[in-house]
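All remarks here apply to the structure that follows.
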Amino acid sequence: MDNLTLPKLRDTLAVRPVLSHGDDFFIMNLPLRPGAKPHLTYPFRVAGVICLYCVEGHLDIQIGMDTYHATTDCFAISLPEDIISLSWAEKSVPGKITIMAISEQMLQEMEFDRLGALYAFRCRMVKADRRTMILIHNYQNIFRSVIGDRHADVTRSLGYLLRSMSIELTRIWDRMADQDSLASQGALPITRQFIALVARFHAEHRDMAFYAGRLGLTPKYLSAVIREDTGRTAPEWIAEYVLMEARYYLRYTSLAVKEIAWQLHFNNQMDFYRYFQRHAGLPPTAYREQSQRFISPGIPSE
């Protein structure tokens, strides 16, 4: 699955941003009108960070393997490598979300801590309180002022501001996240790092030795830690991410099974066929036939 750049995401939404800086940053309001074609129901991944604030309405947000039901004042974050899709829970009721998107280049400018973010935002959604909304509103006003000045160091200034906001959001998330609803990454640093590596490398590497080597551990020890912390084995986590990618290609693209096997770095079509059937319980061709009956509109396939 290819990452979407911010310009492509912006073009897909077809809504004029209320605030933007080149191809590296934008804020826009996305309305939902009853009967209108919904946006972003197609699974996608953005080369950057997306912050979603539900202004009104009811929204289901799928981020990775977790689904969150957002209502008014819910705040969600999608990190790099996350696969995300949105669906309106009540299509007959008007709704609106505010989207803030930050590119990979801007993340580098703000010295974004990816591993720290995986832990801080392990639950990708919280219910925002009044203090949080005032804070976000104030930052938005500062963004507008800095971008409006159009001076030579706008990118650097914006990077500093976004870094400051990310620090504040990390603190707020830690205070507001419901500990009972945390995503299944668990609390151990080893597990957090393992999940981060799997999210990034699952297409190229399905063997435990690779991940154990990156973490400086033996496969046996890593497997024991993951099972203890999540209740699932490390190979199950790897397979889940591989299947998530495979299902995307089967359901939303016209790629042949042979091409999908190549995209996911299988040696040949038959290896992919056996792997998918073993872990998904049915052949890839059967999954494609079943799932394509229910495709929702969204980002068009490549």
query = Since Leu197 meets every condition but one in (1) closer than 19 Å to Pro80 by Cα; (2) outside any helix (DSSP H, G or I); (3) among the aliphatic types (A, V, I, L, M), which condition does it not meet?
reply = (2)
message = Kindly evaluate Gln179 against the criterion of being modelled with pLDDT under 85, of a type in the set (S, T, N, Q) and more than 16 Å from the chain's Cα centre (by Cα).
response = yes
message = Which residue is surrounded by the fewest Cβ atoms within 10 Å (Cβ to Cβ), if the candidates are limited to region 119-137 and must be among the charged types (D, E, K, R) and assigned to a loop (DSSP other than H, G, I, E, B)?
response = Asp129
message = Of everything in region 232-270, what is touching a residue at least 40 places away in the same chain (Cβ under 8 Å) and assigned to a loop (DSSP other than H, G, I, E, B)? Give them in sequence order.
response = Arg232, Thr253, Ser254, Leu264, His265
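Yes or no, residue by residue, for (1) assigned by TED's automatic domain parsing to the domain that holds Leu250; (2) at pLDDT 85 or above; (3) under 23 Å from Leu135 (Cα atoms):
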| position | (1), (2), (3) |
| --- | --- |
| Phe25 | no, yes, yes |
| Met28 | no, yes, yes |
| Arg45 | no, no, no |
| Asp60 | no, yes, no |
| Asp66 | no, no, no |
| Ala70 | no, yes, yes |
| Lys91 | no, no, no |
key: Qualifying residues in region 110-124 (those that are charged (D, E, K, R) and more than 13 Å from Ile63 (Cβ to Cβ)) - the one modelled with the highest pLDDT   = Glu111
inquiry  = Can you list the strands (runs of 3 or more DSSP E) lying wholly within region 65-118 that have 1 or more residues being surrounded by fewer than 22 Cβ atoms within 10 Å (Cβ to Cβ), touching a Cys at 6+ places or on another chain (Cβ under 9 Å) and of a type in the set (Lys, Arg)?
reply    = 95-103
task = State yes or no: is Tyr211 farther than 28 Å from Gly116 by Cα and in contact with a Leu (Cβ under 8 Å, 6 or more places away or on another chain)?
result = no
note = Among the residues of region 30-42, the number that are at pLDDT 80 or above and in contact with a helix residue (DSSP H, G or I) (Cβ under 9 Å, 6 or more places away or on another chain) is 1
key: Within region 138-153, tally of residues that are part of a helix (DSSP H, G or I), among the aliphatic types (A, V, I, L, M) and surrounded by fewer than 16 Cβ atoms within 10 Å (Cβ to Cβ)   = 1
task = Taking Arg247 as meeting all but one of (1) buried (at least 17 other Cβ atoms within 10 Å of the Cβ); (2) within 24 Å of the chain's Cα centre (by Cα); (3) farther than 21 Å from Arg45 by Cα, write down the number of the exception.
result = (3)
Flag for Phe112 being in the same structural domain as Tyr68 (by TED's automatic domain parsing), farther than 17 Å from Val18 by Cβ and aromatic (Phe, Trp, Tyr) = yes
ask   = Inside region 218-228, can you point out the residues that are in contact with a helix residue (DSSP H, G or I) (Cβ under 7 Å, 6 or more places away or on another chain) and over 11 Å from Phe194 (Cα atoms)?
value = Thr218, Pro219
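The values are calculated or read from the model by the stated rules, or taken from the named source; none is laboratory data. If you're wondering where the values come from, they're calculated on a predicted model, not measured in any experiment. So basically every Cβ, Gly included, is an ideal-geometry build from the backbone, and we count neighbours across all protein chains shown.
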